[in-house]
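What follows draws every value from the coordinates through simple rules; no lab data is involved. Please read all numbers here as calculations on a predicted model, not as lab measurements. Backbone-built Cβ (ideal geometry, glycine too); neighbour counts: all protein chains shown.
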There are 2 protein chains.
Amino acid sequence: MSCRNAEQLARALPAGRRTRQRGAVLHVLLDCPDFVSAQQLHALTTADGIGVGLTTVYRTLRELEARGRVDVVRDDVGERLYRIRPFGRHRHYLVCRACGRSRPVEADAVEAWVDLIGEAAGFDAVEHTVELTGICATCRTDAPAVADDGEPL
Amino acid sequence: MSCRNAEQLARALPAGRRTRQRGAVLHVLLDCPDFVSAQQLHALTTADGIGVGLTTVYRTLRELEARGRVDVVRDDVGERLYRIRPFGRHRHYLVCRACGRSRPVEADAVEAWVDLIGEAAGFDAVEHTVELTGICATCRTDAPAVADDGEPL
DNA sequence: AATGGAAATGGTATTCATTTTCATATAGTG
DNA sequence: CACTATATGAAAATGAATACCATTTCCATT
Ligand SMILES: [Zn+2]
Ligand SMILES: [Zn+2]
Ligand SMILES: [Zn+2]
Ligand SMILES: [Zn+2]
């Protein structure tokens, strides 16, 4: 596997200690253009020969999530999928249900809306989850255009 | 348990067959002002003496979800929580992480945003999940105002 | 370089929501 | 009433995520 910008980001992640395992998870994560599950990460590190325990993978991801270095979505089964957060600010994604490819979307409008709603309701520490899924143009033309069930949410 | 408007909505739910069990689940659901889990529903119907199998509860909920008669959120553990959808249109909620109470929020802005994003990206059948959590005014004054971890998403 | 204690690791066992299976019961029609 | 597609539900399976805990490793200090 090739390394793109591991050094920069690895240095930008002031977690607890610098261990071989955390490095491995980060390394793999940095080379994943799309969302991956904990299990996939575990398999990938193993394939790399670095071998990180499943427990540690979960722990590292939770750590990263708490520090806001990854974005998290859930697939249709409820499984958590992780992706390195490109910049300081968090992002929201539009994920294709057919091929799984995702693209970040411009969500300033939503961020503003969230602040407004929270304030209006008198809530503190408001957090939000926003997920978009659909069928991308490529998959629509490839596949028989069946929406599986067709019920738009 | 008292029944509020079971008749109206029960008639408004053109599922497959009209069975005692589906009626029971609906009945309980209609009397739940806040989100409940499948397990809770199962317990409630049992407490009512109506006794609906857990399998059937799950099946009924999936049915209701497919027909858009319930809104669904996930708690922090990933567990699904259901709530009868007040009107035809789906709603989004602001849920208190401390007491669990929820209130629907005005989300037209988000609905419009979703349409825009989906169209711009050339995606079909775009679905969305929007969840807001926070600490309500009541819980803030009651509890030691600790944000648990304090990291706003 | 040696040390010591706190932090991190990871194999295994466990939890627990949700799904599958499949034998039985029932709604609804004629 | 008989008949059949449909629904039910107990039990078993699934699988992500967590708990446990003995062992290892980082790293500030001597
Ligand atoms: Zn696609
Ligand atoms: Zn956001
Ligand atoms: Zn509250
Ligand atoms: Zn919506």
Using distinct alpha-carbon pairs, which all enter the 1/r mean, Kirkwood radius of the range B:62-137 in Å: 13.8 Å
In the range A:31-102, the GluC sites (Glu not before Pro) that fall in loop regions by DSSP, at most 15 other Cβ within 10 Å: A:79
Cβ-Cβ FRET estimate between residue A:32 and residue B:120, R0 fixed at 25 Å, reported to 0.05: 0.50
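Just want the ordering: A:37, B:102, from fewest to most Cβ atoms lying within 10 Å of their own Cβ.
Lowest count first: A:37, B:102.
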